[in-house]
Amino acid sequence: MKTLATKTMILILGLVCTSAVNVPTFAQSKSSVWDGVYSEEQAKRGVTVYQEACAACHGVDLRGDSNSPSLIGVSFMFLWEDRSLGELLTKIQTEMPPANPDSLPNESYVDILAYVMQVNSFPAGEDELVPGKYHQILITGKP
Amino acid sequence: MSFRCFASVCLAVLATYINLVARAEDFKPVTEEMLRNPPPGDWLNWRRTDNAWGYSPLEQITRDNVGQLQLVWSWAMEETAAQETAPLVHDGIIYLPNSHGVIQALDGASGDLIWEYRPAVTKRVDGSATLASTNQITRTAPELSGAVSGPGVQKNIAIYGKRIFAATGNAHIVAIDALTGKLIWDVEVADSSLGYRYTAGPIVVKGILITGISGCSRYKDDVCFITGHDAATGTELWRTSTVARPGEQGGDTWGDLPLRFRAGSDAWIAGSYDPGTGLVYWGTAQAKPWASAVRGTKGNALYTNSTLALNPETGKIVWFYQHLPGETHDMDEVFENVLVDLDGRKSLFKMGKIGILWQLDRTTGEFINATDLGYQNLLTVDSSNGKVTYHEGMVPEIGVQIDMCPSTSGMKSWRAIAYSPRTKAMYIPLTLNCELATFGPTERILGGGGAGPVRRKNHMHPRSNGMLGEFVAMSVESGKILWRHRTATPSNTAALTTAGGVVFGGDWDRHVYAYDESTGEVLWQTRLITSAQGFPISYLAGGKQYVAVPAGVGGASWSTLIPRDLVPDIKRPNHGNSFYVFALPEK
């Protein structure tokens with residue numbers, strides 16, 4: 001019978017190996033918001049949802065108001081530069097709207113994210129942003 | 001429809017009609033005299049009396065019997081925005097402000113609805129439709145309530161004569177018939193597309209509605225202001241800017257920033273009035289962007305974060321006192337002005353987000369005293385002259401993190417203090433919290449600005465012992481703390497003091513507490529469907545004393561961000577704006 005220590009050892013080794021294998025692929029597939037990671041169509045859907053669910057506080061032009069931060073320009077980049085789209089999506093989905101988080105369909109949150117990218121002048125591409133991909137996409141200044 | 005059914009509908013309609021006619025005959029118009037000295041059972045100003053005590057002289061509910069309080073009725077409220085309601089009561093009828101401009105009149109004893117005013121849906125007194133302001137329709141029609149522009153918060157309303165007065169989320173002021181709920185007049189005060197809006201309603205002095213506007217965080221070619229309107233006609237009588245313009249007296253306190261970059265100074269909490277001094281007292285908010293490094297001026301930025309004493313007839317600023325000159329951490333001082341005479345001095349007490357209780361001479365505006373609760377780590381205030389000195393390293397620079405207490409959410413908020421003349425104490429709802437904050441830049445362009453971004457990590461106050469909420473009784477005579485009641489979640493309602501020796505408050509975790517005014521012992525408590533939130537009141541209906549407590553959600557970071565981050569294991573429903581009325585059982 002294996003001791004607890006050996007079991008733990010095996011577990012740790014397993015973890016180290018998996019991550020060792022994973023790291024290179026992860027780095028390779030990493031991209032930025034400048035790589036056309038959402039589609040025009042998606043951003044268009046995002047406008048509608050944004051105006052319905054977010055504009056009352058963050059403004060129709062996303063510049064924020066009162067305690068609601070700006071989601072555009074230098075203020076947005078100050079908060080989000082070098083963080084991933086996944087992190088931003090999690091923030092929006094788990095915390096917004098403040099009185100009713102996670103109240104929209106998952107796709108709507110992703111559509112809003114596409115719209116936020118569009119107004120921040122990150123280029124659209126062929127494909128829609130899809131779940132699973134956005135954790136590897138970094139928000140960065142213009143390359 | 002069968003005849004029987006038809007007849008019963010007729011009867012019901014007739015009964016309602018008779019009821020309305022009877023009420024019309026009974027209705028006692030609210031006079032200037034009544035506003036200044038309300039009948040004991042009425043709640044005629046947003047803090048009942050114009051000195052903002054939040055104190056009810058009713059004494060049927062006492063420390064001995066409060067333990068028997070029971071729920072008598074409750075009422076679901078509008079869910080379209082944050083709950084910050086401050087109801088009024090006249091002759092047993094409650095006038096209840098809801099979000100997005102909705103107002104209801106309810107029978108205080110039974111909870112029956114008497115009328116409802118719904119912007120863009122309720123007809124005018126003359127029967128015509130309220131099509132005058134298309135603005136309002138697009139923003140508040142119920143079918144579009146999910147798409148409303150502006151947060152839709154409605155704190156207080158006012159009553160005078162036979163009318164209810166309200167200030168709307170799209171920067172209008174409206175007069176509503178107190179007997180029918182019909183619209184009498186509606187004036188647009190400012191252009192809501194520029195961001196202007198009201199979240200607080202008027203107070204009434206000598207037939208003049210005095211109202212403070214907000215929505216000035218972003219850059220525009222104008223500033224925030226306080227107005228005087230004729231209650232009879234809605235005519236604007238005066239308008240006083242809350243920001244010193246270039247070239248005016250005090251204008252140089254913004255350096256050489258042009259008018260459009262002088263933002264903030266929103267007047268988002270209703271003021272007080274003293275017929276003795278003849279002055280109205282109004283608070284102004286901090287400058288925007290919050291951090292002076294981001295604003296682009298290290299100047300004092302008048303008249304932000306000040307108490308203004310105004311002549312109610314002309315709007316002239318008779319004196320002002322700036323609590324935190326050149327404020328730079330979002331430490332708003334806009335809140336309620338509590339007027340108390342102490343040692344023969346007509347005083348004005350006020351506490352802002354930073355948790356310092358200021359005492360000013362309300363005749364002259366002279367500084368008298370400042371009592372620091374001792375929880376903030378930003379500055380020192382000299383209690384002999386009010387001079388503020390920021391601690392080394394605590395003035396934010398762009399991109400440099402500081403560990404500040406309180407957080408930008410503040411220790412004190414719109415949840416108002418109540419004063420009791422029996423104990424000579426202030427009862428103060430607080431939230432003890434701090435923040436690792438890094439302030440960031442904004443664009444200095446028209447339409448830009450705003451509060452400014454803050455990279456923010458909230459943490460518990462080191463002296464909170466893991467308890468976020470504190471409800472504290474502080475003697476105004478000695479400045480000593482008489483007692484504190486700590487709660488796991490923010491102290492989330494305004495305070496209510498009563499002549500029965502019972503003080504009421506509530507927390508985010510849905511509790512309502514009745515305290516012994518002298519010892520802080522919890523004599524009674526109950527639990528609501530969601531956070532206790534809003535302005536509790538006490539009133540008489542049919543000769544019986546009631547205590548009413550609002551509940552609800554939204555209401556800025558004390559109700560969202562702070563509990564979510566700091567007490568994540570405690571949950572409450574994220575909806576449920578509502579209103580609860582308690583009384584002693586029938587004998």
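Checked against (1) at pLDDT 95 or above; (2) surrounded by fewer than 22 Cβ atoms within 10 Å (Cβ to Cβ), B:THR85 passes all but a single condition, namely (2). Taking the range B:486-510 as the range and being among the basic types (Lys, Arg) and at positive phi as the test, only B:ARG510 passes. Restricting attention to the range A:76-93, the residues that are facing chain B (nearest Cβ under 9 Å) and free of Cβ contacts under 8 Å to residues at least 12 places away in the same chain total 2.
Residue by residue through the range A:63-75, note down the ones that are more than 7 Å from every other protein chain (Cβ to nearest Cβ) and touching a Cys at 6+ places or on another chain (Cβ under 7 Å). The one that is more than 7 Å from every other protein chain (Cβ to nearest Cβ) and touching a Cys at 6+ places or on another chain (Cβ under 7 Å): A:SER68.
Taking the criterion of being within 24 Å of B:LEU540 (Cα to Cα) and either surrounded by fewer than 21 Cβ atoms within 10 Å (Cβ to Cβ) or out of contact with any strand residue (DSSP E or B) (no Cβ under 9 Å at 6 or more places or on another chain) (or both), the residues of the range B:94-114 that qualify are B:ASP107, B:ALA109, B:SER110, B:GLY111, B:ASP112, B:LEU113, B:ILE114.
Filtered by the rule that a residue be crowded, with 23+ Cβ neighbours inside 10 Å and either of a type outside the set (D, E, K, R) or not in a strand (DSSP E or B) (or both), the range B:344-354 gives B:LEU348, B:PHE349, B:MET351, B:GLY352, B:LYS353, B:ILE354. Could you please find all residues in the range B:456-474 being part of a strand (DSSP E or B), out of contact with any Lys or Arg (no Cβ under 6 Å at 6 or more places or on another chain) and over 16 Å from B:ASP565 (Cβ atoms)? Answer for the range B:456-474, where residues must be part of a strand (DSSP E or B), out of contact with any Lys or Arg (no Cβ under 6 Å at 6 or more places or on another chain) and over 16 Å from B:ASP565 (Cβ atoms): B:PHE471, B:ALA473, B:MET474. Of the residues making up the range B:500-533, those that are of a type in the set (Val, Ile, Thr), outside any loop (DSSP other than H, G, I, E, B) and within 13 Å of B:TYR427 (Cα to Cα) are B:VAL502, B:VAL503.
The strands (runs of 3 or more DSSP E) falling completely within the range B:227-333 that include 2 or more residues that are over 27 Å from B:LEU379 (Cα atoms) and modelled with pLDDT of 95 or more map to B:236-241, B:272-274, B:279-283, B:317-322. For the range B:410-432, check the following and say yes or no: at least one residue is within 17 Å of B:GLY355 (Cβ to Cβ), in contact with a helix residue (DSSP H, G or I) (Cβ under 9 Å, 6 or more places away or on another chain), modelled with pLDDT of 95 or more and within 9 Å of another protein chain (Cβ to nearest Cβ). The answer is no, given that none of the residues of the range B:410-432 is within 17 Å of B:GLY355 (Cβ to Cβ), in contact with a helix residue (DSSP H, G or I) (Cβ under 9 Å, 6 or more places away or on another chain), modelled with pLDDT of 95 or more and within 9 Å of another protein chain (Cβ to nearest Cβ).
The residues on offer are A:VAL119, A:VAL60, and the sole one that is surrounded by fewer than 22 Cβ atoms within 10 Å (Cβ to Cβ), within 14 Å of another protein chain (Cβ to nearest Cβ) and modelled with pLDDT of 95 or more is A:VAL119. For the range B:184-203, a tally of residues being assigned to a strand (DSSP E or B) and surrounded by fewer than 24 Cβ atoms within 10 Å (Cβ to Cβ) returns 5.
Comparison of B:GLU435, B:GLU443 shows that the only residue that is without any contact (Cβ under 8 Å) to a residue 24 or more places away in the chain, within 14 Å of chain A (Cβ to nearest Cβ) and of a type in the set (Asp, Glu) is B:GLU443. Selection of the range B:246-280 for residues being in contact (Cβ under 8 Å) with a residue 40 or more places away in the chain and farther than 24 Å from B:GLY450 by Cα yields B:GLY271, B:SER272, B:TYR273, B:ASP274, B:PRO275, B:GLY276, B:THR277, B:LEU279, B:VAL280. A residue that is surrounded by 24 or more Cβ atoms within 10 Å (Cβ to Cβ), out of contact with any Phe, Trp or Tyr (no Cβ under 6 Å at 6 or more places or on another chain) and either within 14 Å of chain A (Cβ to nearest Cβ) or more than 28 Å from B:ASP91 (Cα to Cα) (or both) cannot be found anywhere in the range B:476-494.
Any residue at all in the range B:57-66 that is within 27 Å of the chain's Cα centre (by Cα), at pLDDT 95 or above and basic (Lys, Arg)? Scanning the range B:57-66, I find no residue that is within 27 Å of the chain's Cα centre (by Cα), at pLDDT 95 or above and basic (Lys, Arg), so the answer is no. Is it the case that some residue within the range B:389-396 is in a strand (DSSP E or B) and without any contact (Cβ under 8 Å) to a residue 60 or more places away in the chain? Yes, the range B:389-396 contains a residue that is in a strand (DSSP E or B) and without any contact (Cβ under 8 Å) to a residue 60 or more places away in the chain. Report yes if B:PHE6 is aromatic (Phe, Trp, Tyr), at pLDDT 95 or above and over 22 Å from the mean Cα position of the chain (by Cα), otherwise no. No: the conditions fail for B:PHE6.
Taking the range B:554-581 as the range and being within 9 Å of chain A (Cβ to nearest Cβ) and either surrounded by fewer than 22 Cβ atoms within 10 Å (Cβ to Cβ) or among the hydrophobic types (A, V, I, L, M, F, W, C) (or both) as the test, the residues that pass are B:ALA556, B:LEU561, B:ARG564, B:ASN574, B:HIS575. Restricting the range B:534-572 to residues that are among the hydrophobic types (A, V, I, L, M, F, W, C), assigned to a loop (DSSP other than H, G, I, E, B) and more than 16 Å from B:ILE94 (Cα to Cα), the residue that is nearest to the chain's Cα centre (by Cα) is B:ALA556.
Of everything in the range A:41-57 that is surrounded by 22 or more Cβ atoms within 10 Å (Cβ to Cβ) and aliphatic (A, V, I, L, M), the residue that is modelled with the lowest pLDDT is A:ALA56.
The values are calculated or read from the model by the stated rules, or taken from the named source; none is laboratory data. Given the structure is predicted, the values throughout are model-derived calculations rather than measurements. Don't worry about glycine lacking a Cβ; one is built from the backbone with ideal geometry, like all the others, and counts go over all protein chains shown.
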